[in-house]
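Here's the structure we're looking at; comments come further down.
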């Protein structure tokens, strides 16, 4: 049976942890992802949108979300 992640959105802290970026740089990256997907300011970015943008597989990102 597949276990579901406890969340499906990424926050700047997660992006910083995954990529090694500073949090302010991670916020800017999330802003670019929102714009790419036509989302409004402050909209949530999903694991799948983040992974797609970075060229990662979602299953690589999920272990970092605790």
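Any residue in the range 30-41 that is at pLDDT 95 or above sitting within a Cβ distance under 6 Å of a residue that is not in a helix (DSSP H, G or I)? List the pairs, counting only those 6 or more apart or interchain.
30/45; 33/45; 34/43
Within the range 56-66, identify whether any single residue is in a helix (DSSP H, G or I) and modelled with pLDDT of 95 or more, and answer yes or no.
No: zero hits.
Restricting attention to the range 19-55, report how many residues are in contact with a strand residue (DSSP E or B) (Cβ under 8 Å, 6 or more places away or on another chain) and in a helix (DSSP H, G or I).
Adding up the residues that qualify gives 5.
Here is a check on your reading of the model: is residue 55 more than 12 Å from the chain's Cα centre (by Cα) and without any contact (Cβ under 8 Å) to a residue 24 or more places away in the chain?
Spelling it out, it is not the case that residue 55 is more than 12 Å from the chain's Cα centre (by Cα) and without any contact (Cβ under 8 Å) to a residue 24 or more places away in the chain.
Determine, yes or no, whether residue 35 is surrounded by fewer than 14 Cβ atoms within 10 Å (Cβ to Cβ), out of contact with any helix residue (DSSP H, G or I) (no Cβ under 9 Å at 6 or more places or on another chain) and farther than 16 Å from residue 65 by Cα.
yes
Looking only at the range 6-32, which residues are under 9 Å from the mean Cα position of the chain (by Cα) and surrounded by fewer than 17 Cβ atoms within 10 Å (Cβ to Cβ)?
8, 9, 11
The values are calculated or read from the model by the stated rules, or taken from the named source; none is laboratory data. Everything numeric in this text was worked out from a predicted model, so none of it was measured. Counting neighbours? That spans all protein chains shown, and the Cβs are built from the backbone with ideal geometry, glycine included.
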